[in-house]
Amino acid sequence: MTVAVIADIIASRRLDDRAGAQRAIVESVRMVQHDLPVAGGPLAPVVGDELQGEYDDLSGALASLLLLRLALPDDVDCRFGVGVGEVRPIELADRTVPEGPAWWAAREAIDHIERLQTRAAPLARTWIVLAEGQDASMTETIALARAYALSRDQLVSAMSERSRRLTYGRCVGRSQRELADIEGISQSAVSQALSAAGSAALVEGFAALTARVRS
């Protein structure tokens, strides 16, 4: 089983600096991969405003995408389509083209989340689809993952850029004192910002996702 992820930049055509947005995403992906080196390849730009990547398991993929959302600056945001299933890459003379049910599911997922953003859940950014032909026992896991992703997206989308930085720091194990020194504010201000943003739930969820990776 492979977890395929397609990401695209939201409202990219309205950005004043599209190239700068791409660079910010690539730099954020590199930082996330350094801080959480999960199995599989990280997201990489492919064409236009789209990035793609493959991960070895769903927990690692969701943990990485959370850190990426927390790492992005205020003026750059992405939506993510996550497909779980088989990958059957096509070998060409000069490159390998990603293909297969996991990628079809990821495309379905990103189309779904875009529709969801325009109606019931404007702050939603992540959707997960189980590819056809996969073990039916995965259905409940995917349903739980969708519910978790919607809830955490609501929290992250409502955060300020500083609150996201602070939450990222807590996820990767930095103390409130360290974060206060980095931000040039008091430890009390860090604590208040984290509390107001609801960061504790995200940090605990991240710890649950990465328990196996970090053990």
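The values are calculated or read from the model by the stated rules, or taken from the named source; none is laboratory data. Please read these numbers as outputs of a predicted model, since none were measured by experiment. Reconstructed Cβ throughout: ideal geometry from the backbone, glycine too, with neighbour counts over all protein chains shown.
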**Request:** Return the total of residues in the stretch 44-70 being under 20 Å from Phe206 (Cβ atoms), within 14 Å of the chain's Cα centre (by Cα) and either surrounded by fewer than 21 Cβ atoms within 10 Å (Cβ to Cβ) or of a type in the set (Asp, Glu) (or both).
**Result:** 4
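So that you can scan it fast, the table gives a plain yes or no per residue for (1) surrounded by fewer than 23 Cβ atoms within 10 Å (Cβ to Cβ); (2) not in a loop (DSSP other than H, G, I, E, B):
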{"position": "Pro73", "(1), (2)": "yes, no"}
{"position": "Val82", "(1), (2)": "no, yes"}
{"position": "Arg88", "(1), (2)": "yes, no"}
{"position": "Ala105", "(1), (2)": "no, yes"}
{"position": "Pro122", "(1), (2)": "yes, no"}
{"position": "Thr139", "(1), (2)": "yes, yes"}
**Complete:** Out of (1) farther than 19 Å from Pro45 by Cα; (2) in contact with a Gly (Cβ under 8 Å, 6 or more places away or on another chain); (3) at pLDDT 95 or above, the one Ile142 does not meet is (2)
**Prompt:** If you take the residues of the stretch 71-96 that are under 18 Å from Ser28 (Cα atoms) and acidic (Asp, Glu), which of them is nearest to the chain's Cα centre (by Cα)?
**Reply:** Asp77
**Request:** Evaluate the stretch 64-76: report whether one residue or more is out of contact with any Phe, Trp or Tyr (no Cβ under 7 Å at 6 or more places or on another chain), among the basic types (Lys, Arg) and at pLDDT below 95.
**Result:** no
**Item:** Condition check for Ser64: polar (S, T, N, Q), under 30 Å from Thr139 (Cβ atoms) and without any contact (Cβ under 8 Å) to a residue 40 or more places away in the chain
**Value:** yes
**Prompt:** Within the set of pairs 6 or more residues apart or between chains, which connect a residue that is in contact (Cβ under 8 Å) with a residue 60 or more places away in the chain inside the stretch 89-116 to a residue that is surrounded by 14 or more Cβ atoms within 10 Å (Cβ to Cβ) and among the aromatic types (Phe, Trp, Tyr) with Cβ atoms less than 6 Å apart?
**Reply:** Ala109/Trp127
**Asked** Which condition number in (1) under 19 Å from Arg125 (Cβ atoms); (2) in a strand (DSSP E or B); (3) over 11 Å from the mean Cα position of the chain (by Cα) is the one that Gly41 fails?
**Response** (1)
**Complete:** Out of (1) assigned to a helix (DSSP H, G or I); (2) surrounded by fewer than 20 Cβ atoms within 10 Å (Cβ to Cβ), the one Gly133 does not meet is (1)
**Request:** Would you tally the residues in the stretch 117-152 being over 16 Å from Ala208 (Cβ atoms), under 13 Å from the mean Cα position of the chain (by Cα) and of a type in the set (Gly, Ala, Ser)?
**Result:** 1
